[in-house]
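A short worksheet on the structure shown next.
Please treat every number below as a calculation from the coordinates, not as lab data. Only a predicted model underlies this, so the values are computations on that prediction, with no experimental measurement involved. Cβ coordinates were reconstructed from backbone atoms using ideal geometry, including for glycine residues, and neighbour counts include every protein chain displayed.
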Amino acid sequence: MRNRNATAYRFLAPYLLIFSVFWVWPIISSFLISFQATRTVPWRFAPGFNWGRLIGDPAFFNALKNTLLILVIQVPVMIALAMVMAVLLNSPLLKARGLYRFAFFAPVVVGEVAYSAVFRLMFSLDFGIVNKLLNSVGLPKIDWFSNVTPAMALIMIAVTWRWAGYNAIILLAGMQSIPEDVYEAATLDRVSKLKQFFYITLPLLKPVIVFCLVLSIIGTMQLFTEPFLITERGGPGGGTETLGLLLYRQGFRSLNFGYASAVAYTMAALAIAITLVQLWLTREKQ
Amino acid sequence: MATVTLNNVVKRFGAFEVVHGANIDIKDGEFVVFVGPSGCGKSTLLRMIAGLEDISGGEIAIGGKLVNDIEPADRGIAMVFQSYALYPHMSVEQNLSFGLRMTGNPKADTERRVKRAAEILRISELMDRRPKKLSGGQRQRVAIGRAIVREPQVFLFDEPLSNLDAELRVQMRVEISRLHKELGTTMIYVTHDQTEAMTLADRIVVLRAGHVEQIGRPLDLYDNPDNQFVAGFVGSPKMNFINGRVVGRNTRSVTVELAGQERTRIMQPLTGAAPEAGSKVIVGVRPEHFGGAGEGDTDLVVTIDVVEHLGGTSFLYARTANGEDVVIQRDAAKVPTTSEVTVSIRKSYLFDEKGLRLR
Amino acid sequence: MSSLSSAKLRRSIALHLFLTPLALIWLFPLWMMVVFSTMPDNGIFSPGIELLPHGNFIDNFNNLQRDTDFVGAIGISVSVAVTYTVLSVLLTSMAGWALARYQFFGKGVVVGIIFGTITLPYAVVLIPQFIMVARDFQLANTWVALIVPPLFNSLGVLFMRQSFSMMPDDLFDAARVEGVKEWRIFLFVALPLARPMLAALAIILFLASWNNYLWPLLINSQPGSMTAPVALGTLIGLTKVSWGGIMAGAVMLTVPMLIVFVLLQRHFIAGIAAGAVK
């Protein structure tokens, strides 16, 4: 290949322009804003102002705790479920594969607002179909919106419903790229299907699983719409408030950009730290 | 039509040098084949002539004009690729005319050139088809047609036949020869197949590991190789190489004894400096240069492992007393029945330990 | 042989017995969305269990249109999503082409940065983006605000880079030898060959724009400039609002996408899966 600096940058220019204006500069700017008091005019440089507040803010720790709780429970459950879906959808014994695929993959196209609305209706206390069904099999109603634990569970259920199929698509594609003859050889060696999964599929799929985990962690870290719309602005009483919601509240309701930027950078730092730990734990042994 | 001159051409990828100063003079209208094993730099050299690779050092001139910094399109060349590189989303006609259309060539002229190329290659009835609907040979013709349409001064072929089956390959080889006669244009052709090189070329350039090993007419390379590599590369089956030792010399000849065969001595006339007595040399014998016992300079006893019958001729796969493998070509009628057999060496080549020809 | 196939049959039955209820649970919210959208409000909030559609969709839609200009919002959403998709496909494939097909100074840095942004939460750039677009450029409540900032997209570029680098080199060299300019090679050779990949990319980008919520919520909050999800979102949580209407809106946002999904499933799945296949 010949070196073609001018041509290459001509093709890249529009993309790099958008990137610089709407990403590179904001990343820097956000960092700088987090060191400024932004509720005075003009803004003034006050290094400890936002970060100092962050360390002592119970609302921040509440949001952090909720976010991490969702992260720790919801992400592994969802990835495991996605894995089950992918394995079963990949089974040669499955009939009417298209229907099952539709069922699991359809949530991928559903917008956050639309599904938040449906979940709110389905889980409402007296007239929600979920409580009605629980009642009809003799179980007590659950007050999904007034108690913290059910409210958190509801958020996790909703997010899992929306994203499990998405991850299953990625995992399934990964599985289908594993050559068939590896399994044929294992079958000839009388390795059971279950062992094939644990000793062939899982190790070969590791990079794909890590990719899914990283995407899911970053997504969940920024969780906003579900607690905003389903549990009514992080209710009950901040019980489902997430970092995303805190950022929204501080940045766009109180117009406290400095503090919101500090929250944003905390999210980024957490996401990157968790990603790095992931990559380190699953690194290829030399 | 044009000459092509490579003057000390060097190619580096980063710190890694893959072509180490190639000097090649190609005459106007000549058919030159670059041949060598994979990784020898022959394709890189061709792509540098085409302008698809930067030239790291030296000069390339086409028609006497330095082209180092000239875009591929302005070098007066056309190239036929190994993979044919036909645009799958265009019909044959669109494939042939694409370059001319894209560069604003007058429409009438484009049509004339496309029509002429189609006639030369007898693909006129395929013009509306997509490449997917063509056979391998037809695709090859279209790829060549696309080069003809450009009416170039130099045709470049990059292993154009390697994707075809054996029969089609022979057929297309003849076709390309005919094309060269018909057009009379300078052609540079890259292949790893020495048979293609021998049959097509006016002159062959043998390359190895980025070095030009020898340039010459096919039969010159066969009869008079400069070194062990060229000797082994040209001719099929390969030349046999047997270790030997110099046992005597004078001003005009040298006497060599084959390793492990005290009675087998070969005397070779030598004009250059002869190696010291006792130094190791390599004796090269082509399979077709073995004869029956007593028919040649000297006799050799070998043990036959396998005999391959090809009809008219047969190949004997055998070992010398020293355990060195040799292939011997024989008329089918003269295949011996015993496993141990005496053959004679009718013609041989001597190489020194570094593989350079002693002559 | 017969014992083997009966074992297979048992496994097959177990598979379907497990997967069918799971699939039904997964379809349930979508089904209920459709059911709710056809029920009158007093039906939604009544004690009985209703699992089948009624005939109230049109009334619900009229209620929705009374609460907010949903048709107008859909118009904005469609126009924005189409414009965004066209621009983003062009931008993304141009960048992907450059990264796949040219050797140039700084290439490693550019690729590294694009990869790096995958792990960076969008939240980090949200506030400065907002300040820039709303305060500095004074573009709040315009289409430009909805379309331009989200144009940067790293997974799409990596996908297109992958697509272009899998094409044979010779094809483009052949055009180069013929004197075809690079941008024409891109336009007339590379893009037509990448059609299936472009389709996958376009679908994913359209969907992302169509469903985008947070950014449009922040930047286009004026009635009359809202996208459909934002308009619908403003109704959720209001006390005097038609829930049947909200569900009708949800159906209008979702069902067209589901139809596209069914028709173009292959491209859809390719687009999503491509993220993982490096």
>> If each DSSP helix of 4+ residues adds -39,500 (n - 2.57) and the sum is divided by the residues in chain A, what number results at 222 nm, nearest 500 deg cm²/dmol?
In response: -21000 deg cm²/dmol
> So which chymotrypsin sites (Phe, Trp or Tyr not before Pro) in the stretch C:72-141 end up in coil per DSSP with only 12 or fewer other C-beta atoms within 10 Å?
Replying inline: C:PHE105
> Other chains near A:236-246: what is the mean number of their Cβ atoms within 10 Å of each residue's Cβ?
Replying inline: 1
> Residue-wise, which Karplus ³J(HN,Hα) couplings in Hz belong to the stretch B:301-306, taking 6.51 cos²θ - 1.76 cosθ + 1.60, θ = phi - 60°, and x for glycine or proline?
Replying inline: 9, 10, 10, 8, 9, 9
> Around A:LEU247, with a cut-off of 11 angstrom between Cβ atoms, what is the net charge of the other residues, counting Lys and Arg +1 and Asp and Glu -1?
Replying inline: +1
> What are the residues whose amide H is under 5 Å from the amide H of B:VAL247, where those residues sit 5 or more places off or on another chain and H is modelled from the backbone?
Replying inline: B:THR255, B:VAL256, B:GLU257, B:GLY278
>> If you filter the stretch B:202-270 for trypsin sites (Lys or Arg not before Pro), then keep DSSP loop positions with at most 15 other Cβ within 10 Å, what is left?
In response: B:LYS238, B:ARG252, B:ARG263
>> Which of rounded, prolate or oblate describes chain C when judged by the alpha-carbon gyration tensor and an a/c cut-off of 1.5?
In response: oblate
> What dipole magnitude, in Debye to the nearest 20, does the stretch B:145-248 give about its Cα centre under +1 on Lys/Arg Cβ and -1 on Asp/Glu Cβ?
Replying inline: 140 debye
> Shape call for chain A from the C-alpha gyration tensor, a ≥ b ≥ c root eigenvalues: rounded (a/c under 1.5), prolate (a/b greater than b/c) or oblate?
Replying inline: oblate
>> At 0.36 nm per residue, and after removing the present C-alpha to C-alpha distance, how many nm does the segment from C:ASN42 to C:ASP136 gain when stretched out fully?
In response: 29.1 nm
> Percent relative contact order of the stretch A:195-286, based on C-alpha pairs within less than 8 angstrom and at least six residues apart?
Replying inline: 25 percent
> If you put +1 on each Lys and Arg Cβ and -1 on each Asp and Glu Cβ, how big is the dipole of chain A around its Cα centre, in Debye rounded to 20?
Replying inline: 420 debye
> Extension gain A:GLU180-A:LYS65, at 0.36 nm per residue separation less the Cα-Cα distance, in nm?
Replying inline: 37.0 nm
> If the cut-off is a Cα-Cα distance under 16 Å, which lysines reach A:LYS193, setting aside same-chain residues fewer than 8 apart in sequence?
Replying inline: C:LYS8
>> Explain nothing, just the number: relative contact order of chain B, from Cα pairs under 8 Å at least 6 residues apart, as a whole percent.
In response: 15 percent
> In the stretch B:37-61, which residues have a backbone nitrogen under 16 Å from the label point lying 7 Å from B:ARG12's Cα in the Cα-to-Cβ direction?
Replying inline: B:54-59
> Put +1 on the Cβ of each Lys and Arg and -1 on the Cβ of each Asp and Glu in chain C; which of C:LEU205, C:PRO149, C:VAL109 then has its Cα farthest toward the positive end of the dipole?
Replying inline: C:VAL109
> Hey, what angle do you get for helix B:136-149 against the long axis of chain B, alpha-carbon based, 0 to 90 degrees rounded to 10?
Replying inline: 60 degrees
> Sorted from fewest to most neighbouring beta carbons within 10 Å, what does the list C:ILE269, A:ILE272 look like?
Replying inline: A:ILE272, C:ILE269
>> Can you work out the Karplus-derived ³J(HN,Hα) for every residue in the stretch B:187-196? Use 6.51 cos²θ - 1.76 cosθ + 1.60 with θ = phi - 60°, whole Hz, and x for glycine or proline.
In response: 10, 10, 10, 9, 7, 9, 9, 5, 5, 4
> How large is the helix-only mean residue ellipticity at 222 nm for chain C, computed as the sum of -39500 (n - 2.57) over DSSP H runs with n ≥ 4, divided by its residue count, in deg cm²/dmol to the nearest 500?
Replying inline: -22000 deg cm²/dmol
> So which of B:LYS11/C:LYS181; B:LYS42/B:LYS65; B:LYS132/B:LYS181 end up more than 28 Å apart by C-alpha?
Replying inline: B:LYS132/B:LYS181
> the stretch B:258-310: which GluC sites (Glu not before Pro) are DSSP loop and have at most 15 other beta-carbon atoms within 10 angstrom?
Replying inline: B:GLU262, B:GLU276, B:GLU295
>> Test of understanding: in a Gaussian network model of chain A with alpha carbons linked when under 10 Å, which of A:VAL263, A:VAL182, A:VAL75 would top the mean-square fluctuation ranking?
In response: A:VAL182
>> Which residue, A:ILE155, A:ILE209, A:VAL118, has the largest displacement toward the positive end of the dipole of the stretch A:58-281 when charges sit on each Cβ (Lys, Arg +1; Asp, Glu -1)?
In response: A:VAL118
> If R0 is 35 Å, what FRET efficiency do you get for B:VAL170 and B:GLU295 from their C-beta distance, rounded to 0.05?
Replying inline: 0.60
> Taking only C-alpha pairs under 8 Å that are 6+ residues apart, what is the relative contact order of the stretch A:58-281 in percent?
Replying inline: 28 percent
> Per the helix-only calculation at 222 nm, which mean residue ellipticity applies to chain B, given -39500 (n - 2.57) for every DSSP H run of n ≥ 4 and division by its residues, nearest 500 deg cm²/dmol?
Replying inline: -7000 deg cm²/dmol
> B:ARG129: net charge of surrounding residues, Cβ under 15 Å, Lys/Arg +1, Asp/Glu -1, itself excluded?
Replying inline: +4
> Along the positive direction of the dipole of the protein assembly as shown (beta-carbon charges: Lys, Arg +1; Asp, Glu -1; about the Cα centre), which of A:LEU243, C:VAL189, B:PRO37 reaches farthest?
Replying inline: A:LEU243
> With +1 on each Lys and Arg Cβ and -1 on each Asp and Glu Cβ, how big is the dipole of chain C about its Cα centre, in debye rounded to the nearest 20?
Replying inline: 740 debye
> What's the average, rounded to a whole number, of partner chain beta-carbon atoms within 10 Å of each residue's beta-carbon in A:252-263?
Replying inline: 2
> How do the peptides C:71-83, B:154-166 rank, highest first, by the average count of neighbouring beta carbon atoms within 10 Å per residue?
Replying inline: B:154-166, C:71-83
> If you take the beta carbon distance between B:ASN243 and C:LEU15 as r and set R0 to 45 Å, what does 1/(1 + (r/R0)^6) give as a FRET efficiency, to the nearest 0.05?
Replying inline: 0.10
> Summing +1 for each Lys or Arg and -1 for each Asp or Glu, what net charge is found among the other residues whose Cβ lies under 10 Å from the Cβ of B:GLU196?
Replying inline: 0
>> With θ taken as phi - 60° and the coefficients 6.51, -1.76 and 1.60, list the Karplus ³J(HN,Hα) couplings across the stretch C:215-223 in order, rounded to whole Hz; mark glycine and proline as x.
In response: 4, x, 4, 6, 8, 10, 9, 6, x
